[in-house]
Amino acid sequence: MDILGNKYLKNPNVVTRMIANEVILVPIHKSVGNLEKIFVLNDVAAYIWDNIDSNITVIELVDLIMSEFDVNYQVAEEDTCELIQLFEDKNFIIRNNIA
């Protein structure tokens with residue numbers, strides 16, 4: 001599946017916390033955090049997470065990754081797509097392709 005043209009929004013039922021210099025995603029269910037499903041982000045994943053709601057496509061995220069980190073296009077695309085797919089599978093993000 002080609003997701004490069006997709007745009008995404010953060011799921012409002014996922015909160016972000018910075019703890020001991022680590023970015024942590026915590027899914028919320030019925031006003032309670034599900035600590036069994038917390039997700040710790042590395043620097044690149046945190047950068048992608050920070051830019052999810054920027055009304056940009058995945059391909060634009062890839063371009064941002066290339067400009068922010070020392071990585072070539074192929075690596076940036078593969079890693080970004082893999083992470084976006086993981087975020088979507090875990091319901092951390094919601095596809096938003098409305099123009």
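Derivation of every value follows stated rules applied to the coordinates shown; laboratory data play no part. Just so we're clear, the structure is a prediction, and the values are computed from it rather than from any experiment. A quick note on method: Cβ atoms are made from the backbone with ideal geometry, for glycine too, and the neighbour counts reach across all protein chains shown.
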**OP:** For I3 and N42, calculate 0.36 nm times their separation in residues minus their Cα-Cα distance, and state this gained length in nm to one decimal.
**Re:** 11.9 nm
Subject >> Spacing of the two label points (7 Å from each Cα toward its C-beta) at I28 and N72, in nm >> reply: 4.3 nm
**OP:** Just name one of L83, T57, M18: the one whose Cα is farthest towards the positive end of the charge dipole of the chain (beta-carbon charges, Lys/Arg +1, Asp/Glu -1).
**Re:** M18
Subject >> Within region 53-94, chymotrypsin sites (Phe, Trp or Tyr not before Pro) in DSSP loop having at most 14 other beta-carbon neighbours inside 10 Å >> reply: F69
